[in-house]
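Everything below concerns the one structure shown next.
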Amino acid sequence: MRAIHLIDGHGPEALTLVELPAPVPGPGEVVVRMRAASLNNRDLLLIDGIYAPFRRPFIPLSDGAGEVVATGAGVARVAPGDRVVLSYVTGWVAGGPTDERVARRLGGPDDGVLAELVRARADAVVRVPAGLSDEEAATLPIAGVTAYRALFVDERLAPGQSVAVQGTGGVAAFAILLAKQAGARVIATTRTREKVGRARDLGADEVIALDEHPAWDQRVLELTGGRGADRVIDVAGGRGLDRSIAACRTGGTVHLVGFLDTREASFDLTLAMRRVVTLRAASAGSCEDLEGLVRALASGNLRPPVDQVMPWTEVRAAVARMRERRHVGKIVLRFGAD
Ligand SMILES: NC(=O)c1ccc[n+]([C@@H]2O[C@H](COP(=O)([O-])OP(=O)(O)OC[C@H]3O[C@@H](n4cnc5c(N)ncnc54)[C@H](OP(=O)(O)O)[C@@H]3O)[C@@H](O)[C@H]2O)c1
């Protein structure tokens, strides 16, 4: 079978097409013929050598969906022919995070999904309902689950609450979609004026264009009658965290999802204390969370936010596209199209 290896060195040139032996499922395992995969910011960090130096070579990318083609001894949960999406944190089946549960992850440190055949734990795959395409299913494990977990598992969003979401990338697009479906009022921000309409299409009630309102926290306060949003989804970190805290209502929660600005964040502690906000680190989640997300999408007839689909062997071009940050939602790679 063919796979992409991340070999020694950094940057897209370190992504190399290789031929590997087909995997065989052990007890409790399945082999999945991949049909689609999607990119996350994490993949860029790994490709650039910014994230932990995992062994090289390894197969990158964490998010993927496909068809079960073989099962090992003792597997009853799925059968050959089932369409499945792979859970990203493979040892985290259910419940809260523990050191042991979060240690194993597809796409670093473990081999990921950019291969024609992938061996996976049977308790770390979820059946894909007929209403979701392979490309859509492949967007769910990191971005979808992270948004789902922040909004509904870490703290349950109630209808009528307000959610401010930073940007329109993968996690943000899912947050807009899911919060709207749950009956919340959604306020999105974007640095890119051309994305305003697309954020509205995803379900945002209000979209703050940052070139017009650089002090977006003030605009959120205006739009919420001075109160602030119940929940704020922060994807950038850095110095901008102050604005997320200022945009949050007294007693509300700022979900610390990402660090697109810088990995270090600094903020005014007195503001956070005056507002009595909860700063809550977000995380991708368990297989149970992935199942919950799939159910939420199916029951709401929601379409995951696919921005663009490219052949999997064009992963270098897809990485370049992701770096441009012109996407809304997810960039997907399709298998079998080359
Ligand atoms: N905690 C976790 O487990 C977890 C899980 C998933 C992702 N993350 C992290 O969350 C962040 C977002 O991930 P993602 O997959 O949603 O990324 P993405 O798809 O690349 O989203 C990027 C978008 O975010 C917006 N943005 C806002 N501030 C930005 C800034 N300072 N620099 C660049 N873009 C900015 C832009 O949208 P506009 O053009 O609309 O402004 C940009 O297009 C990343 O840092 C990622 O590593 C963490």
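The values are calculated or read from the model by the stated rules, or taken from the named source; none is laboratory data. What you see is a predicted model; the values in this text were computed from it and never measured. A quick note on method: Cβ atoms are made from the backbone with ideal geometry, for glycine too, and the neighbour counts reach across all protein chains shown. Calculation scope for accessible area: heavy atoms of the full protein, side chains included, ligands and nucleic acids excluded. Shrake-Rupley method; radii C 1.70, N 1.55, O 1.52, S 1.80 Å.
Somewhere in segment 262-271, is a residue modelled with pLDDT under 95, near the ligand (Cβ under 10 Å from one of its atoms) and either open to solvent by 50 Å² or more (accessible area, probe 1.4 Å) or in contact with a Gly (Cβ under 8 Å, 6 or more places away or on another chain) (or both)? Within segment 262-271 (the criterion being modelled with pLDDT under 95, near the ligand (Cβ under 10 Å from one of its atoms) and either open to solvent by 50 Å² or more (accessible area, probe 1.4 Å) or in contact with a Gly (Cβ under 8 Å, 6 or more places away or on another chain) (or both)), the answer is yes, since at least one residue qualifies.
Return yes or no: is residue 176 within 12 Å of the ligand (Cβ to nearest atom), outside the structural domain of residue 327 (by TED's automatic domain parsing) and part of a strand (DSSP E or B)? No: the conditions fail for residue 176. Within segment 185-204, the set of residues being under 15 Å from residue 231 (Cα atoms) and free of Cβ contacts under 8 Å to residues at least 40 places away in the same chain comprises 185, 186, 188, 189, 204. Among residues of segment 25-42 that are at positive phi, those with a beta-carbon under 9 Å from a residue that is more than 16 Å from the ligand (Cβ to nearest atom) at least six positions away or on a different chain give the pairs 28/72; 28/73; 28/74; 28/75; 28/121; 28/122; 28/123. The combined condition, being surrounded by fewer than 20 Cβ atoms within 10 Å (Cβ to Cβ) and assigned by TED's automatic domain parsing to the domain that holds residue 317, is fulfilled by residue 11. Filtered by the rule that a residue be among the small types (Gly, Ala, Ser), in a helix (DSSP H, G or I), within 14 Å of the ligand (Cβ to nearest atom) and within 16 Å of residue 39 (Cα to Cα), segment 134-173 gives 143, 144, 147, 170, 172, 173. Kindly check whether there is at least one residue in segment 299-321 that is open to solvent by 60 Å² or more (accessible area, probe 1.4 Å), farther than 28 Å from residue 37 by Cα and of a type in the set (S, T, N, Q). Looking through segment 299-321, none of the residues is open to solvent by 60 Å² or more (accessible area, probe 1.4 Å), farther than 28 Å from residue 37 by Cα and of a type in the set (S, T, N, Q).
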